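The values are calculated or read from the model by the stated rules, or taken from the named source; none is laboratory data. Worth saying up front: this structure is predicted, and the values here are computed from it rather than measured. Glycine gets a Cβ as well: all are built from the backbone with ideal geometry, and neighbour counts include every protein chain shown. All accessible areas refer to the heavy atoms of the entire protein, side chains included, with ligands and DNA or RNA removed. Shrake-Rupley method; radii C 1.70, N 1.55, O 1.52, S 1.80 Å.
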Amino acid sequence: MVHQSHDPLLVLASMSIASLAGFAALDLSARVAESSGGSRARWVVASAIAMGVGIWSMHFVAMLALRMDIPITYDVPLLLLSVAIAISASGITFTGAAKSATTGRLAIASLAMGPAIAGMHYVGMASMRMPARIVYHDGLVALSVLIAITASFAALLLARHFRGNVKDGGRLKLGAAVVMGAAVYGMHYTGMLAASFIPDVGAHPAQSGVIATTELGWAIAAGATVVISLAVLAGIADRRLSAAQNVALEATRERTRVVEKLHEVGHSIASEFALEKIVQAVTDAGTELTAAQFGAFFYNLVNEAGEAYTLYTISGVPREAFSRFPMPRNTPIFAPTFYGEGVVRSDDITKDPRYGTMEPHRGMPKGHLPVRSYLAVSVISKTGSVLGGLFFGHEQVGVFKDHHEQLAQGIASWAAVAMDNARLFEAEQRARADAERANRAKGDFLAVMSHELRTPLNAIIGYSDLMRLGIESDPDQDKQRLERIGLSARHLLELIDEILTFSRLEAGEEKVHSEKLEAVQLLSEVEALMEPMALGHGIGFRCHVPDGPLPFQSDGKKVRQILLNLATNAIKFTPQGEVSVSLAKIGDDLIFQTSDTGNGIAREHQEKIFEAFWQVENSPTRAAGGTGLGLSVSRRLARLLGGDITVESEMNHGSTFTLRIPTAPQISPATSNSL
């Protein structure tokens, strides 16, 4: 038997090449997983060549490390065949270890790949030309094939793992590469252990073969290292280029998504006039585009009575997550947003010096959503008033960036425009409804006035025709007819005066003639005029005045007109009981209160009765007559004199109208048109 030994440095080089080839296999396997189509096929071929050359180089360098006392050459065609087998076996690794491949399929693939690698080894052994023959130990050969199959299975499992986990750390990949390399050179040296070299003097080295030298071993080791390293570097460079392209592509997609979302939101809120839908759409869009975990929009409203209040919308979490907490106050954190002082953005709001400085919670209330990243922008009308604030939060720190802030500001600007438009639309709708209601009221007024004017005119015409024709005429009847003609004429004059007064008030042309007056005496004159009317309706009429005079300065005619209007209305709408008028001085004002025991006025009508042409019962056949201008004219005259009229009433318990008149002139013509 020929004596055998090994060059330790070349053995170490072969083992290093095996581990390097294993690392290349795992790294390139991940690169194959990231590719698709034609690019994937090219990477499979390139990776198979790099790994195959690495495995073959490890095998051949290990064979060159063998030292025997006989000359050795290698048959080139068989060497090339062994290279082809190594590359083919590597190709199985890269094509068979798909991310979705089952362990069973990988086991079947290893049954093809393992024998192929063993075949590469034994074909390489067969290419040796020397004055000796090789005798193999069957058991060790079988063991080497088994090791090759096991190594192939391990390689396929690791390749599948790294194809599905391309971001795994380098240490894990390096350790796996060492394991793969050990399996490969373990198979090789087991195969070498199975071979015994028996001298054969009849055998001679092939003259055309490759001569085995140490220098050749190092040259192949160096070449294999370069090839494998270039392949790995190419994979790394291509991966980085691909990653940069993916980042750019993802950024483009994100910009496209943002633009599409902004377009969608802009179109949505631009064509919407319902405020509730606008603020919800804005909140949803802002929460999505800023990558917030949750968002809220607190906005201000003013009702028809002029009272301000705040509403809110929620996105990202159920409304119940906020409903049990009070509205946010003007704390140092919230105040800049509610006052329109600028954007507030914090990577961690709990670390902000303004946070947690106010009682009772000193921060977020118990049970509040966990807010760390915080972004808030004001929604400001084109008039400069703050309409509300958009608030976004996330439980993680450092979520909101510059572009999120810019997006939030853009959305807030759109929200302001949409809310302004919605409010203008709502105001226009109200104005239109008011105009339509006014037109209907004027139409009703004309119908009522036709009836009110026709009644005294018919009486005047009827009685004058009777007197002119002398029908059933005698002095007493003629006197009675003349009195009725006079009453009808005075009623007609009162109607016309009321209409003219209203017309002057509407035009702002009503004049005030201030004079010195005495309130007790003025009220006595009203009592003298109203008491007969009350008795005629079967009800009582009383005046309550303080002892002593109450002098004041105002327009006596207008004060008298107001008191007569209030007393007349009270008598007309009191079917039984009484009407009383009281007088008192409170501070610098005279207070006249006209109370009745009538049916009362419903709460929803207590302001409407002061509108022009409006009456609770508005038809020509109603029980009580009138133009529907009396209370409107009376309130306007009172305000023209610096006072006012208010009403308190309860259904079935009567009404009380309070006239306030200042004792000194406070006349403001500018208010004559104002309700």
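Things worth noting here:
- Subset of segment 580-591 (residues that are touching a Lys or Arg at 6+ places or on another chain (Cβ under 8 Å), more than 17 Å from D547 (Cβ to Cβ) and not small (G, A, S)): D589
- Residue in segment 207-216 that is open to solvent by 40 Å² or more (accessible area, probe 1.4 Å) and modelled with pLDDT of 75 or more present: yes
- Screening D402 on (1) over 16 Å from A292 (Cα atoms); (2) without any contact (Cβ under 8 Å) to a residue 12 or more places away in the chain shows it passes everything except condition (1).
- Any hit, segment 509-522, residues being acidic (D, E), assigned to a helix (DSSP H, G or I), crowded, with 17+ Cβ neighbours inside 10 Å and on the phi < 0 side of the Ramachandran plot: no
- Verdict on R440 being at pLDDT 70 or above, open to solvent by 90 Å² or more (accessible area, probe 1.4 Å) and within 60 Å of the chain's Cα centre (by Cα): yes
- Meets criteria (within 24 Å of L457 (Cβ to Cβ) and in a helix (DSSP H, G or I)) for L482: yes
- Pairing residues of segment 340-360 that are farther than 25 Å from L407 by Cα with residues that are open to solvent by 90 Å² or more (accessible area, probe 1.4 Å), at Cβ distances under 6 Å and at least 6 apart in sequence or on separate chains, gives G356/R362.
- Candidates K401, K351: the one that is loosely packed, with under 14 Cβ neighbours inside 10 Å and of a type outside the set (S, T, Y) is K351.
- Residue in segment 497-507 that is at pLDDT below 80 and under 22 Å from G598 (Cβ atoms) present: yes
- Pairs linking a residue in segment 276-292 that is at positive phi to a residue that is acidic (D, E), with Cβ atoms under 9 Å and 6 or more positions apart or on different chains, do not occur.
- Leading residue by the ranking (least open to solvent (accessible area, probe 1.4 Å)) among those in segment 633-662 that are closer than 18 Å to T574 by Cβ and out of contact with any strand residue (DSSP E or B) (no Cβ under 8 Å at 6 or more places or on another chain): M651
- Evaluated against (1) among the polar types (S, T, N, Q); (2) under 30 Å from A427 (Cβ atoms); (3) touching a Leu at 6+ places or on another chain (Cβ under 8 Å); (4) modelled with pLDDT of 80 or more, T313 falls short on exactly one condition, (3).
- Boolean, I499 is open to solvent by 40 Å² or more (accessible area, probe 1.4 Å), of a type in the set (V, I, T) and closer than 30 Å to I461 by Cβ: yes
- Complete set of residues in segment 588-629 that are under 21 Å from A435 (Cα atoms), at pLDDT 75 or above and not aliphatic (A, V, I, L, M): E604, H605, Q606, E607, K608, F610, E611
- Annotation: of all residues in segment 176-203 being in contact with a strand residue (DSSP E or B) (Cβ under 8 Å, 6 or more places away or on another chain) and at pLDDT below 80, the one that is surrounded by the most Cβ atoms within 10 Å (Cβ to Cβ) is D200.
- Extreme residue, modelled with the highest pLDDT, among residues of segment 293-310 that are out of contact with any helix residue (DSSP H, G or I) (no Cβ under 9 Å at 6 or more places or on another chain) and not in a strand (DSSP E or B): N303
- Residue that is modelled with the highest pLDDT [pool: residues in segment 81-131 that are outside any helix (DSSP H, G or I) and among the basic types (K, R)]: R129
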